[in-house]
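> Have a look at this one before I ask anything.
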Amino acid sequence: MATEMKKAADRAEDAASIALIEKAGCDCIDTCFGRMDTQKNQCAFGTKGVCCKICHMGPCRITPKSPRGVCGADADTIVARNFLREVSGGTAAHSDHARHLVLLLKNVAQGHGGGYEIKDERALRYTARLYKVEELGRTKESVALDLANLFLGEFTSQEETLKTLELAPAKRIAVWQKQGVMPFGVDRMVVEAMHRTTMGVDHDYKNILLHALTTSLADGWGGARVGSMVSDILFGSPTPVRSSANLGVLGEKTVNIVVHGHEPALSDMLAVTVEDPEIVAYAKAAGAEGITLAGLCCTANEILMRHGIPVAGNFLQQELAIITGAVELMVVDVQCCMPSLPTVAKSYHTEVVSTADMAKTIGATHMRFDEHDGVGSAKAILKRAIDNYKNRDPKKVLIPKQKEQMVAGFSVEAIKYMLGGTYRASFRPLNDAIISGRIRGVVGIVGCNNPKAKTDEYTNALTTALIKQNVLVLKTGCSAIASGKRGWLTPETAIQFAGPGLREVCEAVGIPPILHMGSCVDNSRLLEAGTEIVKEGGLGDDLSMVPVVGVAPEWMSEKAIAIGCYFVASGVDVILGHPFYIGGSDNVTKFLNEDTKESFGASFHVCDTAEAAAERCLKLIDERREKLGINKKTERKLLDMKDRRGANV
Ligand code: BF8
């Protein structure tokens, strides 16, 4: 038993996950942690990116003895092609998510929104002005229709580059033009990526990698950015909201419904409908005290930011949520939903319900979500969960007590208001704090969990080290949830560990030193924040000059690769906790980790520990401060990994 406990404690940082990994062992449940052990001798060719199965003369594997595939492709071509396909997968995921939202906006504008509405008319009109869509004196519906049609063009445009690119600083656009990476429509870019990488087309690794960067820009300055903007219009722009995080949010005596996935249309409707008196009465009639709706992964972030719905956990807690034995129903839509969920659920009473026709899993009940009748679909799901409450077996229930308070909802607009007040909303105070050195720089920590590493450990250690060094940390995705689970997303908690300059600014403004900015799609908000800093002035005229860095410590998804690429192509250095599958090609590795510095002003870096990543972040920030001539305005110390009491962070 002692050995099992140690193993569980090595797999996750938070006590709730540890308790449930141990319970999984007792209940004989196969989880991703155990499967990681089974898979531990993972394919060395895949890891290096040198396995090619693009045609059926193969699969070919590159080794010193066989340096070319049957067609003659070398490691550079094969590694670059595999990489481009991964970037395209990530871009497609974010962008298809955005497309669904744009189509919903169009339906709402045409009067058949099925219970959805334009919740944030101010965001609609602001966005219309950004795209030069006439809005003065027009109804919100007619503005929304024009905007929706314009956004659909961002997917289908064949000959014009994306309009959303124009939201970037002028100097960055000039870099993209010079490098030839201005994307056309998202769909064209992804199709072209598949064409280029099919047998016998693009063999020049540099040309292939430039298309990877082009495709990623169609994500960050296309699909993802459009997704965040339309979400704000339809569901409301996030503003700071208090809630709680970790599996302790589940109720002992309530019907527990966990919503998991990414697209906010269904989850937002569930968040609204769960308060419907008819549904509340239905739950009480079933013997429950009420309903607890909680989120997992990025869907959690969407409804947390807009409704304060509690977060059950991040990516590696999806199976653990079911293992609590207290979840009546888990709703899944698209992305990051493990195919194992219905198998885990078989040992409990939990019903897994899939809702997107494009995302079905054997063993899950499929209840197609009909956006034309959003309320009806949401009510049907909620009632199904309530009907399942009677099947909960108290002997199988373990709800951990961990439930930390958190504040989320820091959209760029909300940060502006916090910094400058309602009438002078502006990034000026942030720019001034960076220039004076009270804030050393800004780091975006993003991305997933990965069972190759101890859940949340790297992410949280890095966050701690950075705020100690007066670095403001912006977070999205499962990385943001990691801070929430640690209890560090309130203005009162992490601030004790912040350096004096950062602390002073946060206390004056009333914000935490770690800002939860949303889901993975909302990484585009980090680019938006960087652009606001550039526009505000005093920190250079391009993103490649601002003292900002991106880090993906525990990443696992193709989406993270696309995000990393659009950050680098936008001039923001990116640190990875573990490398891409590119180690089989020195040329590809050099292109991404060195050459892009010359052409785009930023590159990838790999740091396998939080300490190394913290040091690299500070080095990169200080280099930019030096170039801006503001590095001497603050006392600089190399990273001290001890806190004020001398304890290791
Ligand atoms: O899109 S951070 S594990 S949930 S991929 Fe997935 Fe990674 Fe979480 Fe959201 Ni993003």
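> Would you work out the relative contact order for the stretch 284-382, in percent, from Cα pairs under 8 angstrom that are 6 or more residues apart?
17
> Let me ask something else. Per-residue counts of other Cβ atoms within 10 Å, averaged by peptide: what ranking do you get for 53-65, 15-27, 478-490, highest first?
The peptides rank, most packed first, as 478-490, 15-27, 53-65.
> On the principal axes of its Cα set, how long, how wide and how thick is the chain? Give whole Å, largest value first.
66, 65, 59
> May I ask you to order 366-377, 103-114, 457-468 by the average number of other C-beta atoms within 10 Å around their residues, highest value first?
Going by the mean number of other Cβ atoms within 10 Å, highest first, we get 457-468, 103-114, 366-377.
> Please give the per residue accessible area of the stretch 233-281, computed with a probe of 1.4 Å over protein heavy atoms only, in Å².
28
> Then there's this: Ignoring ligands, DNA and RNA, what accessible area per residue does the stretch 302-425 give at 1.4 Å, in Å²?
Result: 40 Å² of accessible area for each residue.
> So, one more: Please give, to one decimal in nm, the separation of the simple spin-label points placed at residue 199 and residue 103, each 7 Å out from Cα toward the Cβ.
Rounded to a tenth, the inter-label distance reads 3.4 nm.
> For the chain, what does the helix formula give at 222 nm: sum of -39500 (n - 2.57) over DSSP H segments with n ≥ 4, over the residue count, nearest 500 deg cm²/dmol?
-14500 deg cm²/dmol
> Next question, about the same structure. Among 430-437, 122-129, 393-400, what's the highest-first ranking by average C-beta atoms within 10 angstrom per residue?
Highest-to-lowest ranking by the protection proxy: 430-437, 122-129, 393-400.
> Gap in Å between the Cα centre of the stretch 431-510 and the Cα centre of the stretch 32-94?
Going from one Cα centre to the other spans 35 Å.
> If each of residue 365 and residue 26 carries a label point 7 Å out from its Cα toward its Cβ, how far apart are those two points in nm?
The answer from the label model is 2.8 nm.
> Roughly speaking, to the nearest percent, how much of the chain's 1.4 Å accessible area is carbon and sulfur?
Here carbon and sulfur together make up 53 percent of the probe-accessible area.
> Expressed as a whole number of Å, what is the distance separating the alpha-carbon centroids of the stretch 209-247 and the stretch 362-430?
Result: 16 Å between the Cα centres.
> Report the antiparallel proportion of the DSSP beta bridges in the chain as a percent, rounded to a multiple of 5.
For the chain, the DSSP antiparallel bridge percentage is about 20.
> Follow-up. Which of the three applies to the stretch 84-178, rounded, prolate or oblate, going by the alpha-carbon gyration tensor with a ≥ b ≥ c and a/c under 1.5 meaning rounded?
Oblate, since a/c reaches 1.5 and b/c is not below a/b.
The values are calculated or read from the model by the stated rules, or taken from the named source; none is laboratory data. Remember, it's a predicted structure, so these values are computed and weren't measured experimentally. Cβ coordinates were reconstructed from backbone atoms using ideal geometry, including for glycine residues, and neighbour counts include every protein chain displayed. SASA here: full protein model, heavy atoms, side chains in, ligands and nucleic acids out. Shrake-Rupley method; radii C 1.70, N 1.55, O 1.52, S 1.80 Å.
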